[in-house]
Amino acid sequence: MDPQATSVLLIEDNPGDADLVRLRLVEGRPAVRVNCVRRLSDGLAALSNEMPSLVLLDLNLPDSHGAETFRRVLEKAPNVPVVVLSGQDDEALAIKAVHQGVQDYLIKGDITSKHLERALRYAVERQGLLRSLEITRKQQLEFKNQFLSHVSHELRTPLTCIHQYVTLLLDGLAGPIAPVQSDHLKTVLKSVSQLHAMIRDLLEATRAESGKLRVEPRCVSIGDLIAQAVTMMRPTAAEKRVGLELAVDQRIPLVYADPDRALEVLINLIDNGIKFTPPEGSVTVKACVVETDPSAVYISVSDTGRGINPGALPLIFERLYQDSEAVDGNRSGLGLGLYIARELVALQGGRMWAASELGSGSTFSFTLPFFSLAKLLYPVVSCEGQLRESLVLVRVELTPLPISLRGNWKEICHQSLELLRRCVYVDKDLVLPQMGNNGTAETLFVVASTDMAGVNIMMERIREQMNTLPLLQAGGGTLRVTADSLPARAASDARTLEQQVWGVSDCVTEMILHGLGCKSNSKQEESREYAH
Amino acid sequence: MHTENRTEKAATNRPKIMVVDDDPDLRHALNVRLRANHYEIVNASDGFSALALAQKEHPNLIILDLGLPAGDGFLVLRNLKTFPSLALTPVIVLTARDPQANAQRTLNSGAIAFFQKPADNNELLSVIRMSLEAASSPATPRLPA
């Protein structure tokens with residue numbers, strides 16, 4: 001140990017052992033400062049105050065036992081070397097401790113002063129080494145990411161130039177062109193789009209690796225998304241004479257997913273399916289509910305292609321994996337598509353896997369979680385085992401001006417949602433996720449635990465805050481805030497709190513559907529309007 | 001191409017668009033396309049001359065790159081807002097930069113739209129057309145200040 005300034009946090013509940021260890025630590029080295037606590041909670045509190053140069057940890061404490069003890073300490077102080085000092089000679093536990101990041105596992109009966117001192121010194125050294133390795137790794141990753149985003153930006157500029165001039169020629173803006181010239185130029189344009197897609201994938205993969213991929217889940221219909229993806233991919237399938245079929249169970253509940261990202265995943269899988277299926281074959285997209293898993297929808301894309309080699313199956317989701325025997329000499333891209341797709345699904349709370357039989361085809365499957373309003377509402381609408389007395393549904397309707405670009409409009413809605421979250425009390429109000437596919441007008445909802453008087457104040461606050469959004473003012477759109485109280489019948493005949501929350505959730509759903517124009521609104525007289 | 005030759009305006013009252021980009025080839029390509037759509041064009045290749053030219057020419061709309069020598073696009077956006085005669089001129093940002101990192105910032109700085117290069121020509125033209133229409137009609141619905 002560094003003899004200059006060494007402070008050891010000793011977490012040990014047996015006073016005898018604690019004294020003994022303290023004695024051995026300071027023997028001949030009065031510079032060592034030992035802070036001894038008896039409970040894990042005290043130890044964690046001490047770590048909040050000051051990081052020691054080392055933690056000596058007994059595993060069985062009054063408030064924690066075994067592996068849980070070192071897990072909590074490592075979580076609290078990931079950069080401090082932790083040495084376990086245990087009465088139990090448990091090899092399995094020792095291995096587990098070391099795997100999780102503990103520097104050493106010493107047995108109480110076995111140690112002498114010299115032994116202990118050396119063990120601790122090495123623990124500190126090892127921890128320092130690990131830290132500097134970790135820092136170097138992070139720096140390299142950061143450098144790589146910066147390099148890639150710089151490169152993809154620089155590649156875009158000449159690509160844009162090619163795109164501009166090819167489209168000028170194709171659109172006849174530089175004089176008339178012959179049909180064969182037009183065909184050639186269209187081939188150039190197709191390659192430009194491929195290159196463009198590769199640059200985009202490169203950036204996306206970089207983001208995925210550094211945890212910067214952004215998904216914005218909403219409450220959406222997976223059936224609509226699949227229909228949209230299939231419509232978009234029909235021309236590609238038709239061109240190759242590959243059938244594109246749909247088998248979607250219409251009764252699937254809404255899912256909680258980012259529609260743009262889910263669409264991206266679907267298109268990627270369908271495109272892959274078409275690519276590896278010979279003419280006259282087919283690609284089928286299915287979505288269904290699986291009885292064994294009530295929490296997610298199962299979506300699969302199967303093809304009748306040549307299948308994947310069993311040896312290659314575990315590798316296909318890896319970055320840069322390329323099928324070495326790509327059949328039709330198609331330029332296959334960077335090998336990032338499936339990697340990005342799987343990351344996107346994972347970020348939305350699902351998982352993705354593949355199954356294949358050589359010669360008869362492959363199936364790529366993924367899950368997306370169902371949207372459960374009741375689950376979201378539960379902590380907000382209940383208080384001490386009781387349903388809150390008065391609940392109000394606030395609607396914030398945003399309507400874009402005709403010039404609002406889709407991408408810009410999404411950004412406005414995103415910012416509005418963030419802003420709305422700052423206008424409510426997190427423990428008793430809930431800002432619902434966005435509903436429906438990204439259309440033009442957007443309605444955001446808040447379920448608020450308050451009465452109509454309280455909600456007036458909230459609406460005032462929302463209006464005030466929304467008016468600070470420069471975007472919305474600068475040509476984004478118009479705003480309308482209204483509120484309806486939830487009828488008391490929502491939960492009247494339900495017995496348990498769970499059932500009551502279900503009742504509220506059903507009622508909110510019904511009111512939202514009304515508001516979105518799915519049914520006629522019969523409670524118009526209760527609503528208060530702040531129209532602009 | 002359906003968007004070409006849509007407006008048959010007299011040469012004298014053609015809307016004037018200022019293109020700000022430091023890449024001469026790209027400027028030229030944009031000029032050809034915009035002229036074909038009956039717009040009058042002025043060009044600037046850096047932030048400083050963009051601001052000077054905007055005050056002199058009073059364009060009806062500005063297409064602005066972000067990465068520029070002598071004052072980047074954000075600086076241009078900020079400064080435009082300080083001239084009463086230019087503060088309401090619609091600005092469309094057209095850049096190779098990443099939308100995730102830049103779209104929100106440019107829109108907050110007062111741009112009316114963000115396009116990443118290479119942009120879809122038809123989409124760009126339709127946003128130009130609609131922005132010009134919105135800017136010329138006084139009845140544009142706005143939030144109260």
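At-a-glance table
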{"read-out": "Shielding by other protein chains, A:191-199, mean Cβ within 10 Å", "value": "1"}
{"read-out": "Charge tally in the Cβ shell below 12 Å around B:L30, where Lys, Arg are +1 and Asp, Glu are -1, B:L30 excluded", "value": "0"}
{"read-out": "Per-residue mean of C-beta atoms belonging to partner chains within 10 Å, peptide B:109-121", "value": "5"}
{"read-out": "Exposure proxy ranking, count of Cβ atoms within 10 Å, fewest first, for A:V447, A:V285, A:V34", "value": "A:V34, A:V285, A:V447"}
{"read-out": "Rg in Å to one decimal, and Dmax rounded to a whole Å, for the range A:1-100 via C-alpha atoms", "value": "12.9, 36"}
{"read-out": "Stretch gain in nm, segment A:N467-A:M198, where the contour uses 0.36 nm per residue and the Cα spacing is subtracted", "value": "92.8 nm"}
{"read-out": "Inter-label distance for A:T509 and A:M452, nm, one decimal - labels placed 7 Å from Cα along Cα-to-Cβ", "value": "2.8 nm"}
{"read-out": "Residue-averaged beta-carbon neighbours from other chains (10 angstrom radius) around B:18-28", "value": "2"}
{"read-out": "Length released on extending from A:L358 to A:K186, taking residue separation times 0.36 nm less the Cα-Cα span", "value": "58.4 nm"}
{"read-out": "Two-decimal log10 I(q)/I(0) for the range B:69-136, as the Debye equation yields it once each C-alpha is a single scatterer, q = 0.27 Å⁻¹", "value": "-1.29"}
{"read-out": "Within straight-line cross-link reach of A:K144, aspartates and glutamates at Cα separation under 16 Å, skipping those fewer than 8 residues along the same chain", "value": "A:E134, A:E154, A:D201, A:E204, A:E209"}
{"read-out": "Above-threshold pairs, the threshold being 20 Å between Cα atoms, out of A:K76/A:K114; A:K186/A:K410; A:K76/A:K428; A:K240/A:K275; A:K212/A:K410; A:K286/A:K375", "value": "A:K76/A:K114; A:K186/A:K410; A:K76/A:K428; A:K286/A:K375"}
{"read-out": "Exposure proxy ranking, count of Cβ atoms within 10 Å, fewest first, for B:M18, A:M232", "value": "A:M232, B:M18"}
{"read-out": "For peptides A:126-135, B:66-75, A:12-21, sequence by mean Cβ density within 10 Å, most packed first", "value": "B:66-75, A:12-21, A:126-135"}
{"read-out": "DSSP-loop GluC sites (Glu not before Pro) across the range A:236-309, with at most 13 other Cβ within 10 angstrom", "value": "A:E280, A:E291"}
{"read-out": "Rounded, prolate or oblate (a/c below 1.5 giving rounded, otherwise prolate when a/b exceeds b/c) for chain A by Cα gyration tensor", "value": "oblate"}
{"read-out": "Sites A:D249 and B:L75 - FRET efficiency at Förster radius 60 Å, r taken between beta-carbons, to 0.05", "value": "0.65"}
{"read-out": "Least to most buried among B:D21, A:D63 (fewest other Cβ within 10 Å first)", "value": "A:D63, B:D21"}
{"read-out": "Pairwise centroid distance, computed over Cα atoms, of the range A:427-466 with the range A:172-203, Å", "value": "46 Å"}
{"read-out": "Sparse-neighbourhood loop sites, trypsin sites (Lys or Arg not before Pro) in the range A:225-299 - DSSP loop, at most 13 other Cβ within 10 angstrom", "value": "A:R241, A:R251"}
{"read-out": "More than 26 angstrom apart: percent of Cα pairs within the range A:102-250", "value": "64 percent"}
{"read-out": "Whether the range B:8-71 is rounded, prolate or oblate, judged on the alpha carbon gyration tensor where a/c under 1.5 counts as rounded", "value": "oblate"}
{"read-out": "Length gained when the stretch A:Y425-A:F147 is fully extended (0.36 nm per residue, less Cα-Cα span)", "value": "95.8 nm"}
{"read-out": "Beta bridge orientation in the protein assembly as shown: antiparallel %, DSSP, nearest 5", "value": "55 percent"}
{"read-out": "Residues whose placed amide H lies under 5 Å from that of A:V34, excluding near-sequence neighbours", "value": "A:V8"}
{"read-out": "Separation of the A:M51 and B:L88 label points, Cα + 7 Å toward Cβ, nm", "value": "5.6 nm"}
{"read-out": "Where only C-alpha atoms are counted, convex hull volume of chain B per residue in Å³", "value": "120 Å³"}
{"read-out": "Gyration tensor (alpha-carbon) shape descriptor, the range A:331-381, a/c threshold 1.5", "value": "oblate"}
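Each reported figure results from applying straightforward, stated rules to the coordinates on display, with no laboratory input. Here the structure is a predicted model, which is why all the values come from computation and not from measurement. Backbone-built Cβ (ideal geometry, glycine too); neighbour counts: all protein chains shown.
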